[in-house]
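**Q** Right, I'll just put the structure down here and ask away after.
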Amino acid sequence: MSRSSPANYSISQRTVHWVMAALILFNLLFTEGIEQWNRVSKRGGELAASDAFSANIHAYVGIAILAFAALRLILRKAQGVPPEYADEPALARMAAKATHILLYLMFFLMPLSGIARYYFGVDTAGELHAEVFKVILWALIAVHVAGAAAQRFYFRTDSLKRMTSGV
Ligand code: HEM
Ligand code: HEM
């Protein structure tokens, strides 16, 4: 339980949420350069300059995500977060909490496994990154967005507001 229970996520927390959401979707969707880098690093051949550039962007964006994740944890600790919706079914509250915890876990596992593959050549880390963690992350995002929609349209809470304009 955090020290304080503010009504909204702070402006910094909201900014970090949406910046991270954009960066994560960018890295999930635009993977041609990094995939090409991976192919060349495994099978040899020439890496086009544009692919090398995109692969580096993928790495830098991913490292930025890692830094934002750490910042986000510090902000949670320092500023607290709004309370759970006490009148919602326990199952819904547990699902929200579990999804958030697992998302945080992926904020670290995804970049760290990428770094292990890209900078240190650890193949198993690359396989986990590209085949396991990627799928888990997509699934968590789908559940999370469905949850946000359920809050808005089914439970009719102010959840979306406390992560956007504020209540
Ligand atoms: C949250 C941050 C990240 C996300 C969401 C992400 C996402 C992805 C995705 C979707 C792929 C393509 C997987 C496929 O083949 O379908 C990929 C591949 C890859 N990414 Fe990332 N990535 C992130 C961070 C990083 C970082 C920080 C690095 C390195 C510094 C990195 C290095 C790589 C490498 C080397 C591959 C190719 C791995 C392989 O196919 O074996 N990624 N990443
Ligand atoms: C359309 C896209 C998205 C919507 C509508 C959305 C909406 C929200 C809302 C309303 C909350 C606040 C929940 C509450 O009231 O306690 C929240 C929290 C959260 N969101 Fe999202 N989100 C989106 C995308 C993402 C993405 C892509 C990620 C990361 C992959 C993400 C990660 C999180 C996390 C970890 C929390 C927990 C609160 C925290 O500690 O920061 N969200 N989201």
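No lab work stands behind these numbers, since they all come straight from the coordinates. The structure displayed is predicted, hence computed values, not measured ones. Virtual Cβ from ideal backbone geometry, glycine too; neighbours counted across all protein chains shown.
**Q** Determine, for ILE24, ILE34, the number of other Cβ atoms within 10 Å of each Cβ, and report the residues in order from fewest to most. Numbers along the way, then the final one.
**A** Details: ILE24 20, ILE34 23.
If I rank by nearby Cβ atoms, fewest first, I get ILE24, ILE34.
**Q** Among SER50, LEU73, VAL40, which residue has its Cα positioned farthest towards the positive end of the charge dipole of region 32-79, with +1 placed on the Cβ of Lys and Arg, -1 on the Cβ of Asp and Glu, and the dipole taken about the Cα centre?
**A** Checking the options against the dipole of region 32-79, the answer is LEU73.
**Q** Could I ask something else about it? Let me have the 222 nm mean residue ellipticity of the chain computed from DSSP H runs of 4+ only, each contributing -39500 (n - 2.57), with the sum over all residues rounded to the nearest 500.
**A** Dividing the helical sum by the residues of the chain leaves -24500 deg cm²/dmol.
**Q** Explain nothing, just compute: Karplus ³J(HN,Hα) = 6.51 cos²θ - 1.76 cosθ + 1.60, θ = phi - 60°, for every residue of region 151-167 in order, whole Hz, x for Gly and Pro.
**A** 4, 6, 9, 9, 7, 6, 9, 9, 3, 5, 5, 6, 9, 10, 6, x, 8
**Q** Still on this structure, please answer the following. By count of other Cβ within 10 Å, fewest leading, how are VAL135, VAL16 ordered?
**A** Fewest-to-most Cβ neighbours within 10 Å comes out as VAL135, VAL16.
**Q** While we're here: Rounded to two decimal places and with Rh computed the Kirkwood way over Cα pairs, what is Rg over Rh for the chain?
**A** Values: Rg = 18.2 Å, Rh = 17.5 Å.
Reported Rg/Rh (Cα atoms, Kirkwood Rh): 1.04.
**Q** Roughly how tilted is helix 11-29, in degrees to the nearest 10 and between 0 and 90, from the longest Cα axis of the chain?
**A** With rounding to tens, the tilt is 40 degrees.
**Q** How much net charge surrounds ARG152 when only the other residues with a Cβ under 11 Å from the Cβ of ARG152 are counted, with Lys and Arg +1 and Asp and Glu -1? Before the final figure, lay out the partial values.
**A** Working: positive: ARG156, LYS161; negative: ASP158.
Spelling it out: positives minus negatives among the neighbours equals +1.
**Q** When a/c reaches 1.5 or more, the comparison of a/b and b/c decides; with that in mind, is region 8-82 rounded, prolate or oblate per its Cα gyration tensor? Before the final figure, lay out the partial values.
**A** Values: a/c = 4.34, a/b = 3.29, b/c = 1.32.
Since a/c reaches 1.5 and a/b is larger than b/c, the shape of region 8-82 is classed as prolate.
**Q** Still on this structure, please answer the following. Would you count, across the chain, every pair of lysines whose alpha carbons are under 26 angstrom apart, provided the pair is eight or more residues apart or spans two chains? Please report the intermediate quantities before stating the final value.
**A** Values: LYS42/LYS134; LYS77/LYS97; LYS77/LYS161; LYS97/LYS134; LYS97/LYS161.
Close lysine pairs found across the chain: 5.
**Q** What net charge is computed for the residues neighbouring ALA52, neighbours being all others with C-beta under 15 Å from the C-beta of ALA52, Lys and Arg scored +1, Asp and Glu -1?
**A** Combined, the nearby Lys, Arg, Asp and Glu give -3.
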